[in-house]
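For reference, the structure discussed in these notes is given below.
Every number in this text was worked out from the coordinates using simple rules, so none of it is lab data. As the structure is a prediction and not an experimental result, all values here were calculated from the model. We place every Cβ from the backbone using ideal geometry, glycine too, and count neighbours over all the protein chains shown.
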Amino acid sequence: MATFEQKICTRATLPQRVADLPQPVVLTNGVFDILHRGHVTYLAQARELGASLVVAVNTDASVKRLGKGDDRPLNTLADRMAVLAALESVSLVVEFDEDTALEVVQEARPDIYAKGGDYVMSEIPEGKAVIAYGGKAVAIDFAHDRSTTKLVAKIRQFG
Ligand SMILES: Nc1ncnc2c1ncn2[C@@H]1O[C@H](COP(=O)(O)OP(=O)(O)OP(=O)(O)O)[C@@H](O)[C@H]1O
Ligand SMILES: O=P(O)(O)O[C@@H]1O[C@H]([C@H](O)CO)[C@@H](O)[C@H](O)[C@@H]1O
């Protein structure tokens with residue numbers, strides 16, 4: 001196992017692994033199917049909001065339920081988590097199988113919850129939960145016009 005894969009933790013060990021991180025802790029979540037420049041810029045900005053960054057990643061079954069397409073995710077959960085763990089900005093990676101990351105937020109209790117600017121913090125369960133216990137919820141503006149869906153469409157065009 002590559003050293004960076006030690007950043008991947010189980011749900012059961014999440015609270016202790018978060019407590020062991022340099023504080024304050026930022027948490028974000030998502031699919032991260034084909035990693036692109038928008039993702040890595042956003043993750044670096046999220047990490048800058050605190051001293052550590054936890055990324056909660058949707059399981060393959062929960063991605064299917066999001067309705068991004070029958071063939072999604074293209075990369076398996078294990079691969080998506082490993083790629084995220086290899087990033088300098090990322091401190092800890094954990095999977096979640098629920099429809100939202102609300103339970104992960106409640107278990108990890110990050111100081112800051114971050115998400116891309118395509119979400120309104122006061123409208124999503126994770127944002128509401130963090131605000132309710134006195135944490136901060138931050139929406140990070142899109143710096144680059146990129147998406148996995150667009151990349152897939154581009155590849156198909158020449159396939
Ligand atoms: N271009 C971007 N700039 C900044 N943040 C982004 C960008 N694309 C996605 N994000 C953020 O990254 C996280 C993961 O996003 P997601 O995996 O849905 O990316 P995506 O490329 O838009 O995927 P898809 O096309 O499959 O919906 C989300 O919090 C989202 O807000
Ligand atoms: O990568 P995505 O599609 O931005 O990630 C989703 O984010 C949702 C968001 O946190 C609002 O609740 C979440 O519910 C969903 O499970 C994906 O992680």
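Give 105, 54, 90 a once-over and let me know the one that is touching a Leu at 6+ places or on another chain (Cβ under 6 Å) and more than 21 Å from residue 147 (Cβ to Cβ).
Working: 105 fails: touching a Leu at 6+ places or on another chain (Cβ under 6 Å); 90 fails: more than 21 Å from residue 147 (Cβ to Cβ).
The match here is 54.
Run down 138, 120, 57 and say which single residue is touching a residue at least 60 places away in the same chain (Cβ under 8 Å) and among the β-branched types (Val, Ile, Thr). Steps first, please.
Values: 120 fails: touching a residue at least 60 places away in the same chain (Cβ under 8 Å); 57 fails: touching a residue at least 60 places away in the same chain (Cβ under 8 Å).
Matching residue, one of 138, 120, 57: 138.
Out of all the residues in the stretch 22-32, which are in a loop (DSSP other than H, G, I, E, B) and within 17 Å of residue 84 (Cα to Cα)?
31, 32
Report whether or not residue 98 is away from ligand 1 (no atom under 14 Å from the Cβ), in contact with a Leu (Cβ under 7 Å, 6 or more places away or on another chain) and either at positive phi or of a type outside the set (Val, Ile, Thr) (or both).
Numbers: away from ligand 1 (no atom under 14 Å from the Cβ): yes; in contact with a Leu (Cβ under 7 Å, 6 or more places away or on another chain): no; either at positive phi or of a type outside the set (Val, Ile, Thr) (or both): yes.
No.
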